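Notes for the one structure printed next.
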Amino acid sequence: MSDTNTGWVRSWGAAPQSAYDGLGSLDGHPPLADVTLRQVVRLSGGGRRVRVRFTNEFGTAPLTIGAAQVGLAVPGGGVRDGRALTFSGAAAVTIPTGAPMLSDPVELPAAALTELSVSLYLPERVETCTCHDPVLDTGWTIPGDAVAAPALPANATVLPVRALISAVDVVPGGPASAIVVVGDSRTDGAGSTPDTHHSWPELLAARGAGFVVNQGISGNRLLNDGAGTAVLARFDRDVLATPGLGFVVLSVGGNDLAISFAPRDDGPLAGFLKMFPGAPVTTEDVIAGHRQLVARARERGVRVYATTMAPLEGADAFTPECETARQVVNEWIRTGGEFDAVLDFDAVWRDPEHPSRIREDFHSGDHLHGSDAGYWALADSVDLSLFG
């Protein structure tokens, strides 16, 4: 099911969002002006040609890239085999407000699970940074134009978000299809060890699943905006427009239920809940949202899988009402017949002695997000033949 016209297949992705609707990691960061951003991404599947998708989709003004480069990442921020990126043959480009921009292709043979380094120079101030927040791979901000520097300059500082890049596509050596996972923080990899690629979609790629693209956003919901654009609203851009799309995995709805059934008082969650507008939703609403995604994906002729929602008792947002709602939706996911297959993540993570809780060794300490072992357990539970 790869793209028969161009051969491009997406190998890495990070769902774009505004710096103002994430976790606020850029708050207080110096303005991005006359700086180079250097960021590391890991390909899920390999190929011989590469192109980078830059993004100004949440920008409030045109974005100028003065120079850009992609190469093989060296530990510590270095680069080897760097290739200058161009845009319709030009070294610099201005990306219109609200738009993405694909680089021209470059020859850069890279195997599956290769780490690439992407550098871009920003000669002018970026008014609103389109980003992905948080980032689990260390990136850097370097004063001036350091795009071509093979080693990380000593004056580099850590970049706290994934900034202005949203995807890397490759031309693989044979037929291939992309697997796109869309979800929330549990898909994004929250709780895993940084710089280890331990989100469960990345671990699924490490098991040999092929081209796996992680389109999770921490705090994301299915039906309403808040932390990132709602899945129903971003589905066409972040999932259905993926080059080489063959499979969609839905892992959404948990935050919709948790926020809808969270205590509405002046307790510890009061400030957090202000990030999430919209009226509370029902289990019927969440089920209807899944059906919408299935229908839209099937129009593209792709297979659609879903994960069940894992437990959350012990987390701040837990209520008995939320647990009841989670069980209702999970039962529908398992038995409703809407999906080509179900990945029963609830069964993988739940404590056999206390099924409304995650096993102690599978959560990161907050009873909500996975530990490295927890995410490995999810990836290991997936039948790779589903993607054959």
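Quick note: the coordinates plus some simple rules give every number you see, no bench work behind them. Quantities reported herein were computed from a predicted structural model and do not represent experimental measurements. Note: ideal-geometry Cβ built from the backbone for every residue, glycine included; neighbour counts use all protein chains shown.
Odds and ends about this structure:
- For LEU108, LEU273, order by how many other beta-carbon atoms lie within 10 Å, fewest first: LEU273, LEU108
- Look at ARG10, ARG125 and count the other Cβ atoms within 10 Å of each Cβ; fewest to most, that gives ARG125, ARG10.
- Here the contact order of the chain, divided by its residue count and restricted to Cα pairs under 8 Å and six or more residues apart, works out to 18 percent.
- Taking the square roots of 5 times each eigenvalue of the Cα gyration tensor of the chain, largest first, gives ellipsoid semi-axes of 34, 23, 19 Å.
- A cut-off of 5 Å between modelled amide H atoms, ignoring neighbours fewer than 5 places along the same chain, links LEU152 with GLY78.
- Anisotropy class of region 283-388 from Cα gyration tensor, a/c 1.5 cut: oblate
- Per-residue HN-Hα couplings for region 235-249 [Karplus 6.51, -1.76, 1.60; θ = phi - 60°; Hz; x = Gly/Pro]: 4, 5, 6, 7, 10, 5, 7, 5, x, x, 4, x, 9, 10, 10
- Rounded tilt (10° steps) of 320-335 against the dominant C-alpha axis of the chain: 80
- Selection from ALA84, ALA112, VAL147 lying farthest towards where the dipole of region 9-170 points positive, charges on Cβ: ALA112
- Neighbour counts of C-beta atoms inside 10 Å place ARG207, ARG221, ARG359, ARG264 in the sequence ARG264, ARG207, ARG359, ARG221, starting with the fewest.
- For region 270-318, GluC sites (Glu not before Pro) are listed when DSSP marks them as loop and at most 15 other Cβ atoms sit within 10 Å of their Cβ; the list is GLU299.
- For THR114, distant residues with modelled amide H under 5 Å away: LEU43
- Angle of helix 283-298 to the longest C-alpha principal axis of the chain, folded into 0 to 90 degrees and rounded to 10: 40°.
- Using only side-chain charges placed at the Cβ, +1 for Lys and Arg and -1 for Asp and Glu, the dipole size of region 177-387 relative to its Cα centre rounds to 740 debye.
- In Hz, Karplus ³J(HN,Hα) per residue of region 55-68 (6.51, -1.76, 1.60; θ = phi - 60°; x = Gly, Pro): 9, 10, 5, 10, x, 10, 7, x, 10, 9, 9, x, 6, 8
- Gyration tensor verdict on region 315-362 (Cα atoms; rounded if a/c is under 1.5, prolate if a/b is larger than b/c, oblate otherwise): oblate
- Gyration tensor verdict on region 9-170 (Cα atoms; rounded if a/c is under 1.5, prolate if a/b is larger than b/c, oblate otherwise): rounded
- Efficiency of FRET between LEU386 and TYR20 - r from beta-carbon atoms, R0 56 angstrom, step 0.05: 0.90
- 3J(HN,Hα) from dihedral phi, region 227-232, Karplus parametrisation 6.51/-1.76/1.60, rounded to Hz, x for glycine, proline: 8, x, 5, 4, 4, 4
- Spatially, region 1-70 and region 284-309 are offset by 27 Å when compared through their Cα centroids.
- Its Cα centre serving as origin, the chain has a Cβ charge dipole (Lys and Arg +1, Asp and Glu -1) of approximately 1200 debye.
- Annotation: amide H-H contacts under 5 Å for VAL74 (H modelled 1.01 Å from N, sequence separation of 5 or more, or interchain): VAL79, ARG80.
- With a cut-off of 11 Å between beta carbons, the residues surrounding GLU353 carry a summed charge of +1, where Lys and Arg count +1 and Asp and Glu -1.
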